[in-house]
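Worksheet: one structure, shown below.
The values are calculated or read from the model by the stated rules, or taken from the named source; none is laboratory data. Everything numeric in this text was worked out from a predicted model, so none of it was measured. Every residue, glycine as well, gets a Cβ built from its backbone with ideal geometry; the counts of neighbours run over all protein chains shown.
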There are 2 protein chains.
Amino acid sequence: MATIYEVSELAGVSLATVSRVVNKNARVSDKTKAKVISAMETLGYRPNSIAQSLASNRSNSVGLLVSELHGPFFGAMMSGIESEFRGAGKHTIVAAGHSDEQTEKDSIEFLINRNCDALILHAEAVSDEYLIQLSKQKIPLTLINRLVKGLEDRCVCLDNEQGGYLATQSLIEKGHTQFAYIAGPLWKNDAQDRLNGHKRALRESGLEQNPALIYEGNFQQDGGRLGIETLHNTGHAFTAIVCGNDEMASGALTMSRELNIAVPQQISVIGFDNIIYADYLYPKLTTIDYPVQLMGQMAAKLVLNETYKIKQNELRLHFIPKLVTRDSCDKNLM
Amino acid sequence: MATIYEVSELAGVSLATVSRVVNKNARVSDKTKAKVISAMETLGYRPNSIAQSLASNRSNSVGLLVSELHGPFFGAMMSGIESEFRGAGKHTIVAAGHSDEQTEKDSIEFLINRNCDALILHAEAVSDEYLIQLSKQKIPLTLINRLVKGLEDRCVCLDNEQGGYLATQSLIEKGHTQFAYIAGPLWKNDAQDRLNGHKRALRESGLEQNPALIYEGNFQQDGGRLGIETLHNTGHAFTAIVCGNDEMASGALTMSRELNIAVPQQISVIGFDNIIYADYLYPKLTTIDYPVQLMGQMAAKLVLNETYKIKQNELRLHFIPKLVTRDSCDKNLM
DNA sequence: ACTAATATTGTAAGCGCTTACATAAATAAT
DNA sequence: ATTATTTATGTAAGCGCTTACAATATTAGT
């Protein structure tokens with residue numbers, strides 16, 4: 001692989017000049033520029049990005065921490081981020097945190113050691129203090145789906161509380177009064193916020209919240225299955241079930257079928273996230289839209305704008321949850 | 001951030017010695033080692049991996065090309081790969097190829113320029129010649145889900161033809177004789193292979209293949225929907241439908257329901273891949289297992305073994321498709 | 001104790017590039 | 001034409017690390 005030195009020799013100019021035409025960051029006369037470009041072409045020259053990074057203290061890569069690499073939610077998020085960065089010639093280095101504090105910290109350190117120019121984090125398990133501490137180091141941070149006090153301008157998020165409220169409210173409007181709730185792990189902010197929104201909706205409508213009808217699941221399909229089973233076995237009546245996310249909702253749908261509970265005729269089920277296959281389920285899942293791909297893009301744009309000084313328009317930090325009506329909630333109970 | 005130089009000063013040794021204890025690749029007396037380690041700790045020293053890469057001509061990162069970052073198939077694949085590399089302290093740099101020849105080439109070049117030590121490619125659109133050419137350069141290649149002649153020992157793959165055969169055969173055994181097929185894009189090797197397996201199964205059982213009952217879809221849900229609709233409209237009778245992958249199968253399931261075709265009572269549907277949510281669908285999808293996460297892991301192990309000389313046991317290149325029986329195929333038609 | 005062999009450490013030359021600064025060439029101002 | 005500006009190019013010092021090779025210290029052999 002040809003080096004910048006060989007190019008400079010062939011073109012009959014200095015290293016610095018070649019570097020200038022490569023980086024387009026200083027004036028070079030058209031004549032020399034042409035010579036250099038031609039030399040680069042005949043040698044098939046490609047700058048060594050490691051060397052560039054070392055010399056410029058810029059790695060042109062950004063670290064991305066997600067909880068898991070699989071799953072529809074993170075898939076969409078990564079997709080949004082990677083495409084945005086690719087377009088700008090930046091690299092994405094991913095690491096999984098597995099919702100575990102130590103693993104998240106390890107991953108972050110791993111990314112920092114790799115000299116990432118910026119970090120985009122979907123961090124669930126580390127504390128706010130840790131993140132605030134981290135933000136004081138020189139590496140710029142962007143958080144997704146987490147609002148940390150003091151770091152508000154670095155957080156791309158959706159109002160989960162409002163989403164939870166919206167989901168429940170939409171069912172109240174249809175006449176439901178007896179609710180069950182399958183929550184995500186309540187130590188996770190988003191799971192807690194969604195539940196809080198649910199409770200607020202009930203409160204505002206003067207409905208009673210039965211603590212026995214709250215099940216804490218794991219945000220995965222089997223959590224939904226177990227949830228329905230458990231709630232059903234309590235013997236308490238309910239006509240609507242609000243799920244902390246779509247994956248649990250899909251489990252709820254499956255288990256309802258196994259228990260011969262008709263959805264939406266006997267109970268209505270609503271999810272959260274609007275993951276790609278919400279539409280494949282039977283019945284098609286009514287849910288709250290979480291525009292995670294767009295939010296990933298936005299986080300990437302934020303980084304491009306601030307770290308790489310590539311001006312972006314239409315930056316946005318806050319996203320609004322929206323109801324997506326499909327077939328899993330009955331039309332009118334009254 | 002402290003440099004190796006500062007560590008060497010504090011420890012009262014040379015740069016080289018510090019480097020030796022960091023890399024554990026040369027003997028250092030216990031006494032000096034202790035001094036160095038203590039100095040590293042008090043300074044909070046972390047080696048700059050960019051500098052390490054430049055000096056050692058090793059980036060400790062491997063490039064991963066996938067078609068998309070989202071979707072259950074690639075999610076599982078990335079998951080397998082990343083976890084394997086993380087455990088070995090290697091970085092994964094991902095790029096999406098979007099099943100487009102030019103994009104795939106761009107992505108590969110992008111990864112090479114980043115000085116990846118090895119490449120793991122799920123390349124669909126580039127030609128065999130291109131890959132063979134690439135394999136002659138110094139960067140080691142591993143291919144997933146593609147068997148290229150001459151590169152057999154670099155290919156981690158599943159016998160798609162056999163899988164297609166197996167799917168169809170399982171239905172023939174149940175007594176089906178009239179088949180429709182919803183294929184993936186036939187320019188893709190795996191889609192073509194699966195279809196070939198299907199045809200072979202028919203041939204071996206002396207069943208006739210009706211070309212009108214082959215629909216070429218896009219490997220996505222709407223492909224399955226359109227497929228069913230189109231096939232249904234041909235007016236030709238069929239009692240079983242074999243799908244090129246699970247996503248299309250899920251679309252087929254949905255559309256069948258909309259057309260009031262009962263699955264599996266009126267037609268049996270079988271998929272391919274056994275993606276995570278095959279089990280969430282209604283009816284639960286019978287399919288062919290594609291152990292893509294394991295295969296990703298295996299590709300990673302191959303790289304660890306050969307590029308990084310970290311010995312691995314249980315290396316395996318070939319994987320066997322297996323039938324996963326659920327509810328979308330009828331038990332016995334006869 | 002003295003040499004040979006071996007184990008440990010140090011020296012210094014890069015890896016391929018960027019960039020402050022110095023120099024030279026071209027242009028403008030007088 | 002002469003000096004002041006501006007523009008284009010070159011020089012060389014790193015960026016933080018690895019690694020031949022050289023030098024020194026230690027141990028073994030006799």
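General remarks:
Residue-by-condition table, conditions (1) free of Cβ contacts under 8 Å to residues at least 24 places away in the same chain; (2) farther than 16 Å from A:Q220 by Cβ; (3) under 22 Å from the mean Cα position of the chain (by Cα):
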{"position": "A:D246", "(1), (2), (3)": "no, no, yes"}
{"position": "A:A249", "(1), (2), (3)": "no, no, yes"}
{"position": "A:S256", "(1), (2), (3)": "no, yes, no"}
{"position": "A:A262", "(1), (2), (3)": "yes, yes, no"}
{"position": "A:Y290", "(1), (2), (3)": "no, yes, yes"}
{"position": "A:L294", "(1), (2), (3)": "no, yes, yes"}
{"position": "A:M298", "(1), (2), (3)": "no, yes, yes"}
{"position": "A:L304", "(1), (2), (3)": "no, yes, yes"}
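- Test result for A:E101, more than 16 Å from DNA strand C (Cβ to nearest atom), within 38 Å of the chain's Cα centre (by Cα), farther than 26 Å from B:A96 by Cα and in contact (Cβ under 8 Å) with a residue 24 or more places away in the chain: yes
- Selection status of B:K90, more than 23 Å from A:A55 (Cβ to Cβ), of a type in the set (D, E, K, R), more than 16 Å from DNA strand D (Cβ to nearest atom) and more than 8 Å from chain A (Cβ to nearest Cβ): no
- Residues in the range B:9-27 that are polar (S, T, N, Q) and part of a loop (DSSP other than H, G, I, E, B): B:S14, B:N25.
- For A:I275, the conditions (1) closer than 17 Å to A:L158 by Cβ; (2) more than 10 Å from chain B (Cβ to nearest Cβ) all hold with the exception of (2).
- Among (1) touching a strand residue (DSSP E or B) at 6+ places or on another chain (Cβ under 7 Å); (2) of a type outside the set (V, I, T); (3) buried (at least 21 other Cβ atoms within 10 Å of the Cβ) - the single one B:N60 does not satisfy: (3)
- Scanning the range B:10-57 for residues that are of a type in the set (S, T, N, Q), within 21 Å of B:K90 (Cα to Cα) and more than 14 Å from every other protein chain (Cβ to nearest Cβ) returns B:S19, B:N23, B:N25.
- If the condition is being out of contact with any Asp or Glu (no Cβ under 7 Å at 6 or more places or on another chain) and either within 18 Å of A:I4 (Cα to Cα) or more than 9 Å from every other protein chain (Cβ to nearest Cβ) (or both), then the range A:66-79 contributes only A:V66.
- Residues in the range B:264-276 that are surrounded by 21 or more Cβ atoms within 10 Å (Cβ to Cβ) and under 28 Å from the mean Cα position of the chain (by Cα): B:S268, B:V269, B:I270, B:G271, B:F272, B:D273, B:N274, B:I275.
- Among the residues of the range A:7-35, those identified as among the hydrophobic types (A, V, I, L, M, F, W, C) and either exposed (fewer than 13 other Cβ atoms within 10 Å of the Cβ) or near DNA strand D (Cβ under 9 Å from one of its atoms) (or both) are A:A11, A:V13, A:L15, A:A16, A:V18, A:V21, A:A26, A:V28.
- Unique match (being farther than 26 Å from A:N245 by Cα, in contact with a helix residue (DSSP H, G or I) (Cβ under 7 Å, 6 or more places away or on another chain) and at pLDDT 90 or above) among A:A76, A:A123, A:A118, A:A88: A:A118
- Residues within the range B:32-68 that are more than 16 Å from DNA strand C (Cβ to nearest atom), under 12 Å from B:N115 (Cβ atoms) and not aliphatic (A, V, I, L, M), tallied: 2
- All of (1) at pLDDT below 90; (2) within 12 Å of DNA strand D (Cβ to nearest atom) hold for A:S56 with one exception: (1).
- Of all residues in the range A:306-334 being farther than 19 Å from A:G164 by Cα and either in a helix (DSSP H, G or I) or among the charged types (D, E, K, R) (or both), the one that is nearest to the chain's Cα centre (by Cα): A:R316
- For the range B:45-57, the set of residues classified as among the aliphatic types (A, V, I, L, M) and buried (at least 19 other Cβ atoms within 10 Å of the Cβ) consists of B:I50, B:L54, listed by residue number.
- Any hit, the range B:101-110, residues being under 27 Å from A:K138 (Cβ atoms), in contact with a His (Cβ under 9 Å, 6 or more places away or on another chain), within 14 Å of another protein chain (Cβ to nearest Cβ) and within 12 Å of DNA strand D (Cβ to nearest atom): no
- The set of residues in the range A:148-182 being under 18 Å from the mean Cα position of the chain (by Cα) and part of a strand (DSSP E or B) consists of A:C155, A:V156, A:C157, A:L158.
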